[in-house]
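All remarks here apply to the structure that follows.
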Amino acid sequence: MTELTPLDADGIVHWIDENFPVRDYEGKKVLLIVPDSTRTAPLPVIFPMLRKLLGPVCPQLDLLVALGTHPPMPQVKIRAMLGIDDDDPCDDVGLFNHEWDNPDALATIGTLSEADTRNIADGVLSQEVPVQINRRVLEYDIALVVGPVFPHEVVGFSGGNKYFFPGVSGPQLLNFFHWLGALITNVGIIGVQDTAVRRVVDHAAKLIPIERRCLAFVVAPDASPYGLFHGTPEDAWKGASELSGRVHIKRFRKPYKQVLSCAPEMYDELWVAGKCMYKLEPVVADGGELIIYAPHMKGISVTHGTAIEAVGYHVRDYFTKQWDRFKDHPWGVLAHSTHVRGSGEYINGVEKPRVTVTVASQIPREVCERINLAYRDPATIDIESFANREDEGVLLVRKAGEHLHRLEDGISTAYPT
C-alpha cells in the first residue's frame with residue numbers, strides 16, 4: 001500500500017476552498033453537527049473555515065455537539081475544541097449540546113416497525129422502535145455533519161449518519177442498535193463496512209425531514225487528515241470508511257499474551273476508555289491479558305456509572321442466557337459491558353471470558369473487582385518496560401482507542417508455542 005501523507009492546516013484550507021460547494025448552502029439555515037472532545041478531529045482548522053464560508057451566505061449558522069449520551073461540554077471547552085479565540089464572542093454561531101435525556105429536547109420523527117428491524121438486522125433482533133432526534137435539527141434547512149471516521153465496535157465504522165443516531169438522538173434507538181451490535185459482537189462487527197447496525201442507522205436517517213450533508217475525514221493520530229469527503233452522509237461516509245480501512249487497521253501475524261493499551265487524556269472515564277479494549281481485543285491471545293492504562297481516569301461514567309455498577313462487566317452470553325434477569329436494564333449499558341469484557345462463554349452458571357481485562361487507573365481495586373474487572377495500580381507500570389517486546393508476546397500501544405488491531409486472515413488467537 002502506498003503510504004499517504006496527511007494534510008497540514010494549509011492543505012485542509014486549500015481542500016475546502018477547492019471542494020466545498022458553498023453555493024449549495026446559500027440562503028439556507030445550516031446546523032453543523034460535530035463530535036465532542038472524545039474524538040480526534042481537526043476542528044480548530046475546519047470550523048473557522050466553514051464559519052468564514054457559510055456565515056456570509058447563510059441566514060442562520062449554528063452548531064450542535066453530537067454527545068450521544070456523553071456528559072454535556074461547557075461552553076469554554078466547546079470553544080477550545082473549535083479553535084475559537086478567547087477574544088472572539090462568536091455571537092454569530094450558536095453553540096449547543098445535545099440533550100439525550102431531556103424529553104422536551106427531542107422530537108419523534110417516525111418509527112421503525114418490528115418488521116423493519118427484523119429485515120434490516122437479518123433477524124438477529126426485532127422490535128418496534130420510535131425514532132427520536134434533537135428537535136433543534138428540525139429548525140434548519142440543512143444538517144451538515146462534520147466529523148471523523150474510524151473503525152467502530154457497534155456500527156463497523158463510525159461517522160456519517162451515526163452523528164444523527166446516536167449522536168443527536170433519543171435513547172430508545174440507541175439502546176436497540178447498541179444491543180444489536182453486542183449480539184453480533186465487537187470482533188464480528190468492528191472494521192466491517194456493511195453491518196446490520198449501519199443499515200439501521202441509515203434507515204432511520206431517511207426519516208429526517210431536512211436535507212442531510214456530510215464533511216467526513218480520516219485522520220492521523222495528530223488530527224491531520226489523510227483525506228476529506230463531502231456529499232450525502234452515505235456517500236461521504238463510504239469514501240471515508242474505505243480510506244479508514246486502509247490507514248486505521250493494523251494487521252498482525254500472531255496474537256499477544258499481554259497488551260498495554262494506553263488511554264489518551266480525552267478518554268476520561270471507562271465508558272469511553274473501553275475503546276482501548278474494543279480496538280485491541282482481536283489481537284489478544286486466548287488466556288492473555290489486556291491492560292487499560294489510564295492513570296488520569298477517575299471513574300466509570302458520569303452518565304451511566306450507577307447502571308454499570310448494577311450489572312458489572314460480563315461476556316455476552318452471561319446476559320443472553322439470563323435474559324429475564326437483565327432485559328429491563330438499559331441495553332446500551334449491557335452492550336458497553338460485554339464489549340469491554342470481550343468474548344467468552346457462560347456455561348452451567350460459570351462465566352469463562354477469553355481474556356483478562358485489567359484496569360490501571362484511579363478507579364479503586366474494590367470497585368474494579370466489584371464490577372468484574374481486574375485491577376492494577378498504575379504507579380507499578382513502567383510504560384517503557386513494555387516497549388519492543390513483540391517477540392516475547394508483549395505489545396505496547398501508546399495511543400489506543402482509534403486504530404483497530406486485527407490478526408491476518410487465518411491466524412488463530414491461540415498463542416504459538
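The values are calculated or read from the model by the stated rules, or taken from the named source; none is laboratory data. Please read these numbers as outputs of a predicted model, since none were measured by experiment. All Cβ positions, glycine included, derive from the backbone under ideal geometry; neighbour counts span all protein chains shown.
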Any chance ASP88 is in contact (Cβ under 8 Å) with a residue 40 or more places away in the chain, surrounded by fewer than 17 Cβ atoms within 10 Å (Cβ to Cβ) and either part of a loop (DSSP other than H, G, I, E, B) or charged (D, E, K, R) (or both): no
Selection count, segment 1-50, where residues are within 22 Å of the chain's Cα centre (by Cα) and either in a helix (DSSP H, G or I) or on the phi > 0 side of the Ramachandran plot (or both): 5
Given (1) farther than 13 Å from ARG398 by Cα; (2) out of contact with any helix residue (DSSP H, G or I) (no Cβ under 6 Å at 6 or more places or on another chain); (3) surrounded by fewer than 24 Cβ atoms within 10 Å (Cβ to Cβ), index of the condition TYR267 fails: (2)
Residue in segment 220-230 that is surrounded by the most Cβ atoms within 10 Å (Cβ to Cβ), counting only those that are in contact with a Lys or Arg (Cβ under 9 Å, 6 or more places away or on another chain) and in a strand (DSSP E or B): PHE229
Selection count, segment 109-133, where residues are in contact with a strand residue (DSSP E or B) (Cβ under 7 Å, 6 or more places away or on another chain) and either closer than 16 Å to ASN175 by Cα or not assigned by TED's automatic domain parsing to the domain that holds PRO225 (or both): 9
Answer residue from segment 324-357, given it is free of Cβ contacts under 8 Å to residues at least 24 places away in the same chain and within 25 Å of VAL155 (Cα to Cα) and is surrounded by the fewest Cβ atoms within 10 Å (Cβ to Cβ) among those: ASP328
Counted residues, segment 265-319 - those being part of a helix (DSSP H, G or I) and aromatic (Phe, Trp, Tyr): 4
Filter result for ILE78 (surrounded by 16 or more Cβ atoms within 10 Å (Cβ to Cβ), without any contact (Cβ under 8 Å) to a residue 24 or more places away in the chain and assigned by TED's automatic domain parsing to the domain that holds ARG135): yes
Any chance ALA360 is of a type in the set (Gly, Ala, Ser), within 25 Å of TYR256 (Cα to Cα), in contact with a Cys (Cβ under 7 Å, 6 or more places away or on another chain) and surrounded by 15 or more Cβ atoms within 10 Å (Cβ to Cβ): no
Top-ranked residue of segment 51-70 - restricted to ones that are in a loop (DSSP other than H, G, I, E, B) and in contact (Cβ under 8 Å) with a residue 60 or more places away in the chain, ranked as farthest from ALA9 (Cα to Cα): THR69
